[in-house]
1. Using the Cα centre as the reference, give the magnitude of the dipole from point charges on the C-beta atoms of the stretch 164-264 (Lys, Arg: +1; Asp, Glu: -1; all else neutral), rounded to the nearest 20 debye.
2. Treating only the Cβ of Lys, Arg, Asp and Glu as charged (+1, +1, -1, -1), what charge dipole size does the chain show about its Cα centre? Round to the nearest 20 debye.
3. Take the alpha-carbon centre of the stretch 165-186, take the same for the stretch 1-64, and report the distance between them in whole Å.
4. If N is the number of residues in the chain, what value comes out of its Cα radius of gyration divided by 2.2 N^0.38 Å?
5. So for Y142, Y246, fewest C-beta neighbours within 10 Å to most, what's the order?
6. Give the order of F177, F99, F115 when sorted by the count of other beta carbons within 10 angstrom, beginning with the fewest.
7. Taking the Cα centre of the stretch 2-45 as the origin, how large is its charge dipole in debye, to the nearest 20, when only Lys and Arg (+1) and Asp and Glu (-1) carry charge on their Cβ atoms?
8. For the stretch 135-233, which GluC sites (Glu not before Pro) are in a loop by DSSP, counting at most 15 other Cβ atoms within 10 Å?
Amino acid sequence: MEFKHYEKPKTLSEAYRLLTEIPNSTIISGGTWLKMSNPSMDTLIDLEDLNLDQIEEKDQTIEIGALVKLHDYETHPAIMKIGGGFLSEGVTQILGVGFRNIATIGGSIAGKYPFSDVMTPLLTLKVDLIFYPEKKMTLEAYLNSKEKNLGILTQIIIHKEDGLGCFKKVAKSALEFATLNIAVFNQGKETRIALGARPQGPVLAHEAMTYLNSQDDISEAIISQTAQLVLDHIPFGDNYQASAEYRKELAKAYVKRGIKEVLVA
Ligand SMILES: Cc1cc2nc3c(=O)[nH]c(=O)nc-3n(C[C@H](O)[C@H](O)[C@H](O)COP(=O)(O)OP(=O)(O)OC[C@H]3O[C@@H](n4cnc5c(N)ncnc54)[C@H](O)[C@@H]3O)c2cc1C
């Protein structure tokens, strides 16, 4: 990574001014991805002094600053409680603790990495993202958005729901990106299913969810049909890790297992 200038603004408005006024400037959070992607930049804008590194639990929400380290996120009691700990499980599998003490939750979302083990379980919950200047959008709307300049991600807000979740990362080894990842969350009335690393980024399986959530009793046949609807409506692709056909086989097996884990258990 090469850069000519390094700035540590004291306010968000200053950070945003630098970002928008200096050509080829970029935000740095943990810098783990920036360092690896080796870009050449004019100015690095470090958000460290902006007090964005706190997790605050409120009655209805958990408010997570964008600069919260992945390890602080995965070990926070409020995060570990959601869905029985499936959010933490997604993060625990990303490299080692040393790495996760540097990488941030904001960098993990702002990067929109298609292989993300952070976003797939979050997508099954009600999650809002807050940007500076004033913008609020759901995680799903953000993932679908083609807008390039959303500003600075400042907060991730999880709306608390009681329920049970599960997360599965399928990877060739503990150090590799997911070949596929899957999250299922049930909050009583509704089950949500998300798949990522297809190799495209995480999506909710809306058709399968609508079908499953309209059933009174959950039988083996209904679970199989739900998995089939995932395969019929979610695109899977080939890359160096696996073929689309292999990913479909994984999705079929793990969607069924996930539903059983959160509904039948
Ligand atoms: C070797 C390696 C293996 C990895 N394996 C996995 C894996 O298996 N699963 C997984 O989920 N992830 C994996 N990751 C991704 C890892 O989690 C990311 O590197 C990390 O999340 C990025 O966080 P960061 O804080 O270091 O972001 P940075 O590197 O600082 O920034 C990443 C990008 O986001 C932008 N950005 C950062 N913060 C903000 C903000 N607040 N507002 C707007 N833009 C912002 C930056 O400008 C940059 O473009 C891996 C990364 C590496 C390097």
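1. Dipole magnitude for the stretch 164-264 comes out near 320 debye.
2. Charge dipole of the chain: 460 debye, to the nearest 20.
3. One Cα centre to the other: 28 Å.
4. It is 1.03.
5. Placing the least packed residue first, the sequence is Y246, Y142.
6. The most exposed by this proxy come first: F99, F177, F115.
7. Result for the stretch 2-45 is approximately 140 debye, rounded to the nearest 20.
8. E147, E176, E190
Values in this text are rule-based calculations from the coordinates and carry no lab data. Nothing here was measured: the structure is a model prediction, and the numbers come from that model. Counting neighbours? That spans all protein chains shown, and the Cβs are built from the backbone with ideal geometry, glycine included.
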